Each structure stands twice: as structure tokens, then as C-alpha cells.
Amino acid sequence: MAVNAYDADPFEMTVAVAVITDIHGNLPALQAALARIDELAIQRIYCGGDLVGYGPHPNEVCALIAEREIPTIYGNYDYAIARDLEDCGCAYITRHDREVGQQSVDWTLAHTDQASKDFMRELPFDLRFEVGERRVHLVHGSPRKVNEYLFEDKPARLYERLAGAERSDVLVFGHTHKPWVHEYGGVLFVNCGSVGKPKDGDPRGAFAILTPGDVTIERVDYDAATVAVEVAAAGLPTELAEKLVSAT
């Protein structure tokens, strides 16, 4: 799935592209996002990684992404689980948050099958493609590190430095689970949010739609309450179940 140059098809250069990211083992949310993308007749889909972690369906998510042949990069969680690492590279504010996060890592390591690990191990760090005349660079956290958090309220000088080093017109990413769009230094920064684990107070799944002249964040409903029950029933921390419906 690695793309070394811009993936530009003459016919597809004028149509919309959907970018999904941060599925986090939430199969119903992924299915809802893909159904909405299909409803919108968007044929080009890219995935910004973090297929697994926190959610109860790691293998089903990997299988569906593979079945749909969606070009995908690895997230920090994918990188760790694929290599049986016990550190997902996540940043936690409190000791309690870290303990809950570690329980998620341990559960995901134990419940992700080898086929899914093999699939994630082959994913690239980034992808480049075109939407109309705009060159797009897709990363998980940032172009510098897979687990760098690019929050909207970080200093403008950070984004201006990143823009200065970027050879694309649009930089698309996720990892924070909070969507935002802003231009710095001539580069459009697009955080897609999260399909399966939003943290912006809206429990609906989020993903980005890119057209030659616009970027929008799409929200999609799914049965988060039922998935929360599955999270708890699977033996994952109940706190993770609660956060699915509160989106915090």
C-alpha cells in the first residue's frame, strides 16, 4: 500500500476524497462511516491509521479495511500492536489515565490475531495523493512523528514551521480525535477527528471530505451505546465504554 509519489489518476482528480482515521477497534462506527461515504458516492477513501486500541473489534476492523482495499497508514497504536510492544506511544495526563491506557494495550495485544498484526506491520508511515490540483500529504500524528499531537490551540509558529517544511498543499492527520481545519504558511492543515473514539464532545463518528475546492468534516451517527456495552463485556475498562457515549 505504500505510495512513493503522488497518486494521481486523470479521471479521479476532480472527485471527492474521504479520509477516515482513528477507528480504534470500533466496527459499527467504521461501518457507519463507510456507508455514509458510499451514500455520497465517494470512491476514493484513505485511512490515517489507529485501526485498533480501546475498542472491542480489532480483527474485524482490520479485515474490513483490507477487504475494501483502502490505502492505509499506521497509527502509533497499530505500530505497537503489530510488533507486540507494550507501549502504544500515547500521552496520558494522569497516572490513572495511563493505567487505563495500559489495560487497553494489554487487552488489544491479547485479542488481536496474527493476521491483523501482519496486516498492520506492512502499513507505511505516510501517503501522498492529489485532489484536483492540490497535493495532499496524509500522516497520523505529524510529518515528524507518528505520535505527535497537533492540537488546534498550539502556537501558530509550530504550524508555520511545519508548513515551511511541507511540500504538499494540504496536510491531513488525526491522532488527537478532535477535528479542525486551518491554513498556516500556505498549507491547509486538516485534522479529521476520529471515526471510532471522538473526544470533542460529539459521540458521532467524524471524518474528512476533501474536494478540489473545499474541506468539510462529516459526522455520522452509529449505536455508540451498544458498542459501549460490548466494550465492557469484552473486559476492557468500563471507563472506555463511558467515554464512547460522552466523547471525552
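The values are calculated or read from the model by the stated rules, or taken from the named source; none is laboratory data. Everything numeric here is computed off the predicted structure, so don't read it as measured data. Cβ atoms come from the backbone with ideal geometry, glycine included; neighbour counts cover every protein chain shown. Remember, those area values only see protein heavy atoms, side chains included, never the ligands or the DNA or RNA. Shrake-Rupley method; radii C 1.70, N 1.55, O 1.52, S 1.80 Å.
Things worth noting here:
- Per residue, segment 147-248 exposes 42 Å² of accessible surface when a 1.4 Å probe is rolled over the protein heavy atoms with every protein chain present.
- Long-range amide H partners of V131 with built H, under 5 Å: V136
- Look at (1) 14.5; (2) 15.6; (3) 12.1: the one that is mean projected area of the Cα convex hull in nm² derived from this structure is (3).
- Each residue of segment 36-50 is assigned a 3J(HN,Hα), and the resulting list reads 5, 4, 5, 4, 7, 6, 8, 9, 9, 10, 10, 10, x, x, 6 Hz, derived from the Karplus form 6.51 cos²θ - 1.76 cosθ + 1.60 (θ = phi - 60°), x at Gly and Pro.
- Modelled label reach - L158, point 7 Å along Cα→Cβ, segment 56-76 residues with backbone N closer than 20 Å: 75-76
- Expressed as a whole percent, the accessible area of the chain that falls on carbon and sulfur atoms is 50 (1.4 Å probe).
- With coordinates expressed along the principal axes, the C-alpha atoms belonging to segment 179-248 extend over 47, 20, 17 Å, beginning with the largest.
- Largest GNM mean-square fluctuation across V220, V52, V146, computed for the chain with C-alpha springs under 10 Å, falls on V220.
- The lysines within cross-link reach of K243, meaning a Cα-to-Cα straight distance under 21 Å and a gap of 8 or more places when in the same chain, are K178, K197, K199.
- Karplus-derived 3J(HN,Hα) values for segment 86-94, using 6.51 cos²θ - 1.76 cosθ + 1.60 with θ = phi - 60°, are 8, 10, 7, x, 7, 9, 10, 6, 10 Hz; glycine and proline are entered as x.
- Mean projection of the Cα convex hull over all viewing directions, computed for segment 79-184: 8.1 nm².
- Karplus-based coupling profile of segment 167-175, in residue order and whole Hz: 9, 9, 8, 9, 10, 10, 7, x, 6, with θ = phi - 60° in 6.51 cos²θ - 1.76 cosθ + 1.60 and x standing for Gly or Pro.
- Max mean-square fluctuation residue, GNM over the chain, Cα-Cα springs under 10 Å, options G174, G235, G48: G235
- Nitroxide proxy distance, nm - points 7 Å out along Cα→Cβ at E39 and E122: 3.3 nm
- For the chain, built as a Gaussian network whose Cα springs stay under 10 Å, the top-fluctuating residue of A228, A33, A115: A115
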